[in-house]
């Protein structure tokens, strides 16, 4: 393909993507891929000037007005600024060197002063105020002519409909210029984006691709009522036409003045000196980037002096006095080489796309999450697909969407995809246990909680927890060594540990090992509620475990219970009952339980009705202050063992408040409500009644 053919092909592809992005609001490739194509076309035209034409994408800013909006001709063109593709500090140094060269400065001259701002990832808008009233809002369009989106912009609450030069609530118009056009960025914040998409999914509608697309689609929505459903924000960053307004001498002062008029100006900006000031701002905002409530893809540097801006002027479609210094792209294209599933520490099954290596978000990415079976099917990601991959900060890389036009197809009648749709496996790839996904949940899970190697560490830590089997000293680092060295595979193996196996572990002295073994031995004597909780049954917390123990009285009765019988337990609904039934239906779980009992783990069992005649059965207690001999947990266990409940706050439904030393507001509220108040001795007498 010769240069002329390549230039023609690039123009066609860029125009197609521009139409999808700006007109249809349905982007097909990430910004970084579009930038690559644009730079390639610029390079070809620079090398072959005879191929440059007036209608090339490089001669305009992008996008054409959408049919349905009235055209608005910009008095002052809305031109784009040059992008510095070198994401490292040298990008700032290159811009500063270019400015100094254009200004004829030498090394001994003082550093240039710059205004440094964020580069928002939204949609550029021009607002026109006449005598302080918002009369028109227009998109950038092709830079010369945009679209009238006034009605939609009026739904953006951060944009004032009337300027307030003195900041008063009444909006007095003293000193407001006859004409003031301001340029800024309309965007959708991350929290608003997440809330909107959650609502869309709940209604069975398609979610937005990203916040940038959400902002563009909202502003360029023909129905203002529908536009108002998407919450947008706005920040001002510059000026258009002005009449009767004496501009400040610097860009930074212009933004200060616009803020004083009541216009929203981002606080994350600074006036800095020289290349080092630019580099420091770039680094500082890069650190802050992930914590911001909105997306940015870089920062913008502008020569601060308006007089120097005028002196520097423009080249083609870009000002010489400004540049956008980008960060590493957060979205890139790559190919899916395989789709596998990973098993998380809690048994969650996550589909993962294995990718052709791609540099995105500052690192080389080879894997990206598909989140769950529902998302994988919704996005219809297949092996061989070209996909958009996103990585922001330390967030796990994810597949955002599929570029369907690049999907491999069979060379057969019907033009079917070459690869089939993703199917979740029926059994766990790690332990072979069944994979199940309850109807009301998005996440599928491995059912082999007590035996699955992928879940082993988490299962052991939960089993040994203070509110479970209470094995003191068995923490993260020790569990990690026991599992990684294949010493412990199930909770039952803990009770087979010997001193020799323990002392051979890293940083484990003989005395420490003996203490751990003593704690394990002590844990053999427990309660049924603690044992049930320690098993780690999904949806069974500490309170539910106690309810199950009280209701059934014996483990065998619980194991034998069906879903209907389980739902007779207070606060156990269909979802929890199904989780319990599934757990005890797995033979490997029952085998581990038998091994634990054989190792000597035991508890006192009783009749299900043992607590019915208790003096506190069904009563609600609140504990406050420090008791003389009982800890808060010990008092709580005593209450719950006899069928009582412990609440965290005092209300009219509270039966007793047990108060110790330094009791606070809970005691005051109990006295105000007339709730019975007990000290420790009275509390013990009540339990023994």
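Taken together, the values in this text are just the output of simple stated rules run on the coordinates, not laboratory data. Values in this document were obtained by computation on a predicted structure and should not be read as measured data. Neighbour counts run over all protein chains shown; Cβ positions are idealised from the backbone, glycine included.
Points to keep in mind about this one:
- Cα coordinate range in segment 544-626, projected on the principal axes (Å, largest first): 43, 33, 26
- Relative contact order of segment 212-339, pairs being alpha-carbon contacts under 8 Å that are 6 or more residues apart, as %: 18 percent
- For the chain, the mean residue ellipticity at 222 nm estimated from helices alone is -10000 deg cm²/dmol, where every DSSP H run of n ≥ 4 contributes -39500 (n - 2.57) and the total is divided by all residues, rounded to the nearest 500.
- Measuring how big segment 3-59 is from its alpha-carbon positions, Rg and Dmax come out at 11.4, 34 Å.
- Set against the 2.2 N^0.38 Å expectation for a compact globular protein, segment 453-603 has a Cα radius of gyration ratio of 1.08.
- Part-to-part distance (alpha-carbon centres) for segment 231-287 and segment 471-521, which is given in Å: 60 Å
- C-alpha long axis of helix 190-202 to longest principal axis of the chain, angle in °: 70 degrees
- FRET efficiency, residue 342 to residue 94 (Cβ-Cβ, R0 45 Å, nearest 0.05): 0.60
- Bridge orientation summary for the chain: considering DSSP beta bridges with both residues in this region, about 80 percent are antiparallel.
- Computed from Cα atoms, the angle from the helix 251-260 axis to the main principal axis of the chain rounds to 60 degrees.
- Its relative contact order, with pairs defined as Cα atoms under 8 Å and 6+ residues apart, puts the chain at 9 percent.
- Compactness of the chain as Cα Rg over 2.2 N^0.38 Å, two decimals: 1.27
- Structural descriptor for segment 620-688: relative contact order 38 percent, calculated from alpha carbon pairs under 8 angstrom and at least 6 residues apart.
- On Cα atoms only, tilt of 90-103 relative to the major axis of the chain in degrees: 20 degrees
- Three-way shape call for segment 82-326 based on the alpha-carbon gyration tensor, with the a/c threshold at 1.5: oblate
- Kirkwood Rh (inverse of mean 1/r, distinct Cα pairs), segment 245-404, angstrom: 19.0 Å
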